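The values are calculated or read from the model by the stated rules, or taken from the named source; none is laboratory data. Remember, predicted model here, so these are calculated numbers, not experimental data. A quick note on method: Cβ atoms are made from the backbone with ideal geometry, for glycine too, and the neighbour counts reach across all protein chains shown. The protein model used for the area step is the full one, side chains on, heavy atoms only, and it has no ligands, DNA or RNA in it. Shrake-Rupley method; radii C 1.70, N 1.55, O 1.52, S 1.80 Å.
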Amino acid sequence: MTILLIYIAIFVGSFFLVRLIVDQTAKGYAARKTVTFGDESAVTSNRIASVISVLTIFLIWGAFTGSSLLPGFLHAPGPFEGVATMTYTAEADDGSRDDATITVLVHPVGEDAQVPEVEPGEGWAKNDAYTIGAWRSGLMRVDANDEKGRDEGHRVVAVDGMEIAPGGEVETGFGRVGMSQKGTLNFEPSKGWQMEPIWLPPPEAVVARLGGIASEGYRGSTLWEHLGYSLFRVVVGFVAGALVGIPLGYAMGLSAWFRGWFDPIVEFMRPVPPLALIPLVIIWAGIGETGKIILLFLAALWIMAIAARSGVSGVNITKVHAAYSLGASKAQIMRHVIVPNSLPEIFTGARVAMGVCWGTVVAAELVAAEKGAGMMIMVASKFQLTDIVLMGIILIGVIGFGIDMLMRKAERVLVPWKGRS
């Protein structure tokens, strides 16, 4: 919730700041428009907003992981590390009470630490020392070395002067101290706001892992082989789905019989997620490359069919009438009217289908894949290698974004009449 509120605050602050600056320096046709609401030509991507958006994500990521790429004053409060001391009060059956000190060395996770040496003290409750890793918790059997043990009714009744009972807890200046139902203390050092690296590593750790895998490979294959195999599967599955789905969509848009026959099938399969088809694809096609490509083919097929059908159905009928009045044949109408006017919808469907295929390739590579970005992610997740998981997700996102940009560019070149009546 804290991260969300920070993100919203940055969004709102950036919006008003950029708007104030742009309104004072705006020039050109769009700036002179008197009516912009509802005018599509006036709504274009704000490059400044895009840059700030990306930088905000990396800023929040670095701030909540203690990244060395950011200055310290931008870091969110981190977990407590160092020596924590607290006093506990023990009581015996005879009503006597005694105080002793607990010293806890909270060390970074993954580092070895030695238990601090402390003097035992003079009373029957003796001082104790423990080590606990940051973001972790540990039991403190303070009665283990006391002169009066549990057989004499030893029990802890207070920590730092605050009363505590079985099942209760108190907050100290170093973290939370709880008590189990059997009376054993449990210390959980303050975790702060930063994420533990095993859950979210800092950006530099992901970049370092990327460099390591790019130079040394992962599980016997180079990074480029993993990405190449994923890209190959996606492209082959998408192209196969487009080659079948586009003609099917045209047939459904032009023929009542084809539409009546295939519409129930397409509308039934459209909401079925590709992941639900994995068991069936394995049974039918096995666990080899064929099964993976078939799954991606099915992910793209229904989207392309619906896009082509919508493109045909959306053709302005007056254009068809005009072509007929000029003596055009059905083939000429198909070539010069139907296809050109349906291409914008088909390109939109292709972009959606490609995105779905990229999202499905991770699941497709779950089954006996030896190479692929999805395979890297899934294998790394089993060993809690979060930096590799994040690296794979970022690479898939970057490649998918690049493909989408290429498809947009192709659409502008091949379909320059999009948006014109």
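Annotations for the structure displayed:
- Among the residues making up region 208-219, those that are open to solvent by less than 60 Å² (accessible area, probe 1.4 Å) and without any contact (Cβ under 8 Å) to a residue 24 or more places away in the chain are Gly211, Gly212, Ala214, Gly217.
Residues checked against (1) crowded, with 22+ Cβ neighbours inside 10 Å; (2) of a type in the set (S, T, N, Q); (3) in contact (Cβ under 8 Å) with a residue 24 or more places away in the chain; (4) in contact with a Cys (Cβ under 7 Å, 6 or more places away or on another chain):
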| site | (1), (2), (3), (4) |
| --- | --- |
| Val339 | no, no, no, no |
| Ala353 | yes, no, yes, no |
| Thr360 | yes, yes, yes, no |
| Phe383 | no, no, no, no |
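- Filter result for Gly392 (part of a helix (DSSP H, G or I), more than 30 Å from Val320 (Cβ to Cβ), open to solvent by less than 20 Å² (accessible area, probe 1.4 Å) and not hydrophobic (A, V, I, L, M, F, W, C)): yes
- Matching residues, region 325-360, being modelled with pLDDT of 85 or more and under 21 Å from the mean Cα position of the chain (by Cα): Arg351, Val352, Ala353, Met354, Gly355, Val356, Cys357, Trp358, Thr360
- Each residue in region 51-93 was checked for being in a loop (DSSP other than H, G, I, E, B), touching a helix residue (DSSP H, G or I) at 6+ places or on another chain (Cβ under 8 Å) and open to solvent by 80 Å² or more (accessible area, probe 1.4 Å), and 3 of them qualify.
- Test: Val244 is open to solvent by 60 Å² or more (accessible area, probe 1.4 Å), part of a helix (DSSP H, G or I) and touching a residue at least 40 places away in the same chain (Cβ under 8 Å): yes
- For region 191-249, a tally of residues being of a type in the set (Gly, Ala, Ser) and touching a helix residue (DSSP H, G or I) at 6+ places or on another chain (Cβ under 6 Å) returns 9.
- For region 189-207, the set of residues classified as in contact (Cβ under 8 Å) with a residue 40 or more places away in the chain, out of contact with any Pro (no Cβ under 6 Å at 6 or more places or on another chain) and either open to solvent by 50 Å² or more (accessible area, probe 1.4 Å) or part of a helix (DSSP H, G or I) (or both) consists of Ser190, Met195, Pro197, Ile198, Trp199, Pro203, Glu204, Ala205, Val206, listed by residue number.
- Residue within region 233-240 that is under 22 Å from the mean Cα position of the chain (by Cα) and open to solvent by less than 30 Å² (accessible area, probe 1.4 Å) present: yes
- Here Val272 does not fit the description of being hydrophobic (A, V, I, L, M, F, W, C), open to solvent by less than 60 Å² (accessible area, probe 1.4 Å) and assigned to a helix (DSSP H, G or I).
- Test: Ser230 is among the hydroxyl-bearing types (Ser, Thr, Tyr), out of contact with any strand residue (DSSP E or B) (no Cβ under 8 Å at 6 or more places or on another chain) and buried (at least 18 other Cβ atoms within 10 Å of the Cβ): yes
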